[in-house]
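Participant: Handing you this structure, nothing more for now.
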Amino acid sequence: TRERSGWGQVLPEFFDPSVTVINKASSGRSSKSFYDEGKWASVVATQADFVFIQFGHNDSHEPKFPESTNADTDYREFLRRYIDDARSIGATPILVTPMVRRTFHDDGTLDDNLKPYAEAMKAVAKETQTAVIDLHSSSWKLVEAMGPGKAQKFANKRGDPTHFNEKGARAMLELVLEELPRVAPELAKHLASNP
């Protein structure tokens, strides 16, 4: 098992051999730093047919950090840029809202600061007529129902409310794949039976 995992790492297992998954996700990057460091250019160079775009966790860092973005301004601008660039190479962009952090209030409800980024992404999706998978909402329901104790089973390491172990990554991927037939039916046709 992987010590630290993202749902993109397990995605290839769920497609038939006709689909090649290229995972360009990079830990610690925001919509801003991923672009500024040239990592997005390497995505464009793949000439992919579909591009999953998910940012928010590192964007939500305090403004003093260079990767930080504002949900109402530059975060939206970067998302629009990603969408436009993906379409310029003939790819279909699919936005994925950020999954929740597994931090809880004393009453057992989630304490999560990513909602402004999830809402901003959904607004950009509507404005640009881009498919969106609302992983923020679906992960909220799942994680809050688990509660603080059980939610720790998804953690990369004890006390880490953000990063996932392989079990957590697979749980997030299941939520993504549930939405795939709705947002990209032509891609969903290539889903293999679960390994």
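Participant: Is there a quick way to get the dipole size of the stretch 1-94? I mean about its Cα centre, with the Cβ of Lys and Arg at +1 and of Asp and Glu at -1; what is the value in debye to the nearest 20?
Facilitator: Dipole size: approximately 80 debye.
Participant: Sticking with this structure for a sec: Cut-off 10 angstrom, C-alpha nodes, Gaussian network model of the chain. Which of Pro12, Pro66, Pro116 fluctuates the most?
Facilitator: Of Pro12, Pro66, Pro116, the most mobile in the Gaussian network model is Pro66.
Participant: Work out how far the C-alpha atoms of the chain reach from end to end along every principal axis, then list the three figures in whole Å, largest first.
Facilitator: 47, 43, 28
Participant: Amide H neighbours of Ile133 under 5 Å, at least 5 residues apart or on other chains, H built in the peptide plane: list them.
Facilitator: Leu95, Val96, Thr97
Participant: Next up: In whole Hz, what ³J(HN,Hα) sequence does the stretch 11-24 give by Karplus (6.51, -1.76, 1.60; θ = phi - 60°), x for Gly and Pro?
Facilitator: Per-residue couplings from phi come out as 4, x, 5, 9, 10, 6, x, 6, 9, 9, 9, 10, 9, 9 Hz.
Participant: Here's a follow-up. What list of ³J(HN,Hα) couplings, whole Hz, do you get for the stretch 49-57 from phi and the Karplus terms 6.51, -1.76, 1.60, once you set θ to phi - 60° and write x for glycine and proline?
Facilitator: For the stretch 49-57, the Karplus curve yields 8, 9, 10, 7, 10, 9, 9, x, 4 Hz.
Participant: Sticking with this one: With a 1.4 Å probe and all protein chains left in place, how much of the accessible area of the stretch 65-170 comes from carbon and sulfur atoms, in whole percent?
Facilitator: Reported share for carbon and sulfur atoms: 50 percent.
Participant: How are the alpha carbon pair distances in the stretch 1-109 distributed across 5 Å bins from zero to the largest one, expressed in percent?
Facilitator: 2, 10, 19, 22, 19, 14, 8, 4, 2, 0
Participant: Using +1 on the beta carbon of Lys and Arg, -1 on that of Asp and Glu, and nothing else charged, what's the dipole of the chain about the Cα centre, debye to 20?
Facilitator: So the magnitude is around 360 debye.
Participant: Let me ask something else about it. Using just the C-alpha positions of the stretch 90-191 as equal point scatterers, what log10 of I(q)/I(0) does the Debye formula give at each q in 0.19, 0.24 1/Å?
Facilitator: Results for the stretch 90-191 at q = 0.19, 0.24 Å⁻¹ read -0.95, -1.26.
Participant: Let me ask something additional. Rounded to the nearest 5, what is the percent of antiparallel bridges among the DSSP beta bridges in the chain?
Facilitator: The antiparallel proportion sits near 35 percent.
Participant: While we're looking at this one, here's another question. Please report, in cubic angstrom per residue, the volume enclosed by the convex hull of the alpha-carbon atoms of the stretch 133-195.
Facilitator: Per-residue hull volume (Cα only) is 88 Å³.
Participant: Oh, and also: On average, how much accessible surface per residue is there in the chain, in Å², for a 1.4 Å probe, leaving out ligands, DNA and RNA?
Facilitator: Per-residue value: 52 Å².
Participant: I would also like to ask the following. Using just the C-alpha positions of the stretch 63-129 as equal point scatterers, what log10 of I(q)/I(0) does the Debye formula give at each q in 0.16 1/Å?
Facilitator: For the stretch 63-129 at q = 0.16 Å⁻¹, log10 I(q)/I(0) is -0.64.
Participant: Under a 10 Å cutoff between Cα atoms, tell me which one of Asp16, Asp107, Asp49 has the largest fluctuation in the Gaussian network model of the chain.
Facilitator: Evaluated over the chain, the most mobile residue of the options is Asp107.
Participant: Mind listing the long-range amide H neighbours of Thr162? Cut-off is under 5 Å, sequence gap 5 or more, other chains count too, H placed in the peptide plane at 1.01 Å from N.
Facilitator: Sorted by chain and number, the residues that satisfy this are Arg102.
Participant: Could you tally up the Lys pairs in the chain with alpha carbons closer than 20 Å? Skip any pair fewer than 8 positions apart unless they're on separate chains.
Facilitator: Taking the Cα cut-off of 20 Å, the pair count is 14.
Participant: Could you let me know the centre-to-centre spacing of the stretch 87-106 and the stretch 139-161, using Cα atoms, in angstrom?
Facilitator: Taking the Cα centre of each part, the stretch 87-106 and the stretch 139-161 sit 18 Å apart.
The values are calculated or read from the model by the stated rules, or taken from the named source; none is laboratory data. Bear in mind the structure is a predicted one, so any value in this text is a computation, not a measurement. Positions of Cβ are generated from backbone atoms using ideal geometry, with glycine treated the same way; all protein chains shown enter the neighbour counts. What goes into the accessible areas is simple: the full protein's heavy atoms, side chains included, and nothing from ligands, DNA or RNA. Shrake-Rupley method; radii C 1.70, N 1.55, O 1.52, S 1.80 Å.
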